[in-house]
Each structure stands twice: as C-alpha cells, then as structure tokens.
Amino acid sequence: MRPLSPQALREALRGLGQAYPRRQALLLEALHLAQAQWGWLGPQALEAVAQALGLPRAEVKGVATFYDLFEFKPPGRHMVQLCSSLSCMLQGAGALQEALRERLRLSPGHSSPDGRLSLKLTEGLGACDRAPVMMLDGELYGPLAEEEMMRLLEACR
C-alpha cells in the first residue's frame, strides 16, 4: 500500500478541523485514518500523523498506545476479537481461547502462522446476553460453541 503522506493526511483532516478547536482533538481521527489506510500503525504512520498535526511523535505514540483500538504490527487478513469479560468466561470463552491456541496456533495479540487471522481479547462487546461472543471482521457471533467458531474461522480465506 502507498505510504500515507502528511500532506494527504492534512487534506483528509481539513474538513474536520472546523469542528475541533485544537490539533490534539483531531489526533484520534488522524490515527483512525492512518490505520484504515495501512491496516496498522507502524513508525511511518505515526510520523505522518505527527507531521500532519504538528504534534510531537511521542505525544502521538502515547495517545495511540493508550487505546486498544490500534494495531502496531501488521494484522492478519481477518480480525478475531474474543470477549474475555466475566460473563463470557463463565459461559466458556476460556475453552474457546484454548481451542484457538491448540487447533489454529492462534494466541492473543498475534497472527496465525499463515497470516489469515489475528486474535485480540477484548471486553465490552455489549452482548453479555449472548455469551460467549466473538467478533469476526466486525460481525458479532454468539452464543458461540467451539465447532461453530472453528467453522466460521475456517471459512475465512
């Protein structure tokens, strides 16, 4: 993918600038835009955001690393978010996580060896009534049994 230039990012943020009184207020929007283009926030993306907003790189990185919304290494082609809240754990999310580790060699914060899947443990998917739940590429699934989860993930190519 073509690198995101600070000028291109400034252009994309120009229209939003009217709604925000300070450059720092645009920082999350800029990080989301950079991640949408590259798929993750590497050093070049963080530098482009810093330059586009005229902010120190340390401030940009500090804000980005505060949130779990951002990826700092290239993700797999499909993002798997497995809920690890209390209600999901009580309903079997721990067993689902173990199945991912054993059957697909997929562990939290990493991608599968074939680069197909990335796994992130998360809380607060807002579906405690459907526990255990998983979000796959933005689509919520639950209550989820191990075999159903594996079928969904095997279909990701």
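We did not get these values from a lab; they are worked out from the coordinates using the rules stated. Since the model is a prediction, treat every value here as computed from it, not as a measurement. Glycine also receives a Cβ, built like all others from the backbone with ideal geometry; neighbour counts cover every protein chain displayed.
Tabulated data for the structure shown
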{"item": "Spin-label model distance (nm) - GLN44 vs ARG57, 7 Å beyond Cα toward Cβ", "result": "1.4"}
{"item": "Calculated FRET value between TYR67 and CYS156, using beta carbons and R₀ = 25 Å, to 0.05", "result": "0.50"}
{"item": "Estimated FRET transfer efficiency when R0 is 22 angstrom, pair LEU28-GLN7 (beta carbons, to 0.05)", "result": "0.65"}
{"item": "Computed lengthening from ARG101 to ASP129, 0.36 nm per intervening residue step minus Cα-Cα distance", "result": "7.5 nm"}
{"item": "Considering only the chain, percent of DSSP beta bridges that pair antiparallel, nearest 5", "result": "55"}
{"item": "Taking the chain and dividing mean pair separation by its residue count, relative contact order in percent (alpha carbons under 8 Å, at least six apart)", "result": "19"}
{"item": "Overall dimensions of the range 78-154 as given by Cα atoms, namely Rg and Dmax in Å", "result": "11.0, 33"}
{"item": "Calculated [θ] (222 nm, deg cm²/dmol) that DSSP helices of n ≥ 4 give over the chain, each run adding -39,500 (n - 2.57)", "result": "-13500 deg cm²/dmol"}
{"item": "Full-stretch length increase - ALA145, LEU86 - with 0.36 nm per residue and alpha-carbon distance subtracted", "result": "19.5 nm"}
